[in-house]
Amino acid sequence: MTGAEEGQREFQYTAADFERVRALIHRRAGISLSVQKADMVYSRLARRLRSLGLKRFCDYLDALETDSGPEWEAFTNSLTTNLTAFFREAHHFPVLSEHLLARRGSGRLMLWCCAASTGEEPYSIAMTAVEAFGGFDAPVSILATDVDTQVLRKAEAGVYTAERLERMPEHQKQRFFLRGTGAQTGMVRVRPELQRMVTFRALNLLDSSWPLRGPFDAIFCRNVMIYFDKATQAGILRRFAPLLRSDGLLFVGHSESLFHVADAFKLRGKTVYERCLGRGRDAA
């Protein structure tokens with residue numbers, strides 16, 4: 001960024017500050033910010049400086065590095081991208097439905113959505129399970145995690161604008177959502193029966209240990225790896241392998257491939273992978 005750009009900003013923000021942010025968020029959440037993201041970083045973190053009464057990014061970053069928790073959470077939440085929608089990448093859900101039905105009678109099925117964002121994805125998974133088994137008593141439990149605690153609170157509340165459901169068939173809207181009235185007109189809420197199928201929990205995929213246990217029948221990790229460098233991607237993906245059942249499925253995003261961990265996963269269908277049995281067991 002140029003000196004002129006720095007002088008026009010509300011807060012002092014230098015190229016060195018941006019590089020420092022890049023290093024901190026990579027270390028904290030594994031996110032690799034491109035050099036083109038300098039303006040995005042400024043606009044998102046400027047709110048934090050304003051809230052704290054600071055004028056320089058360097059002062060904010062100094063304070064951040066001595067913080068033991070709360071501001072790190074705000075920093076990570078500010079820089080986390082949360083693009084999501086109900087039934088996004090729709091080709092995955094018929095595959096999931098078939099997979100669940102093939103396991104009918106084998107006990108409770110465990111699913112993990114590891115980038116839950118504001119909840120649209122885990123609730124889409126839950127709706128697929130209900131439709132596959134024909135009722136809200138489907139033998140399915142869904143763990144939904146995210147590093148961003150702010151979006152998790154929204155997900156757990158399960159309240160959305162009606163516009164978020166525009167592309168959803170009417171029968172699904174009626175079956176799975178309650179419409180707001182009065183002051184809540186224009187809003188919808190996920191039915192409690194569907195909410196009970198999902199457990200939301202904060203989790204950073206970079207943590208040295210994950211407070212969860214498999215085996216899972218399926219893991220959704222869609223449009224997450226694109227924010228990590230290849231080494232970070234490989235480390236996380238290898239940790240997924242032993243958490244999946246031998247016939248479990250891993251769903252990834254449309255622009256993601258697992259060729260760099262071909263010893264752990266093999267392609268089953270369009271952006272759907274299965275384990276290479278006997279491999280991928282070196283996860284921590």
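The values are calculated or read from the model by the stated rules, or taken from the named source; none is laboratory data. Worth saying up front: this structure is predicted, and the values here are computed from it rather than measured. Here Cβ is always computed from backbone atoms with ideal geometry, including for glycine, and neighbour counts include all displayed protein chains. Side chains are part of the model used for accessible areas, which takes the heavy atoms of the whole protein and leaves out ligands, DNA and RNA. Shrake-Rupley method; radii C 1.70, N 1.55, O 1.52, S 1.80 Å.
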If a residue has to be outside any loop (DSSP other than H, G, I, E, B) and either open to solvent by less than 50 Å² (accessible area, probe 1.4 Å) or in contact (Cβ under 8 Å) with a residue 40 or more places away in the chain (or both) to count, how many in region 73-106 make the cut?
-> 14
Qualifying residue in region 69-82 (condition: hydroxyl-bearing (Ser, Thr, Tyr), modelled with pLDDT under 95 and over 24 Å from the mean Cα position of the chain (by Cα)) = no
Residue count, region 174-203 (criterion: surrounded by 16 or more Cβ atoms within 10 Å (Cβ to Cβ) and part of a helix (DSSP H, G or I)) | 3
Tell me, yes or no, whether region 65-72 has at least one residue that is open to solvent by 30 Å² or more (accessible area, probe 1.4 Å) and closer than 24 Å to Gly214 by Cβ.
-> no
Reported set for region 210-236 where residues are modelled with pLDDT of 90 or more and among the aromatic types (Phe, Trp, Tyr) is Trp210, Phe216, Phe220
So Ser124 clears everything in (1) open to solvent by 10 Å² or more (accessible area, probe 1.4 Å); (2) assigned to a helix (DSSP H, G or I); (3) not aliphatic (A, V, I, L, M) except one condition, right? Which one?
-> (1)
Boolean, Ala183 is closer than 24 Å to Arg153 by Cα, without any contact (Cβ under 8 Å) to a residue 60 or more places away in the chain and within 15 Å of the chain's Cα centre (by Cα) | no
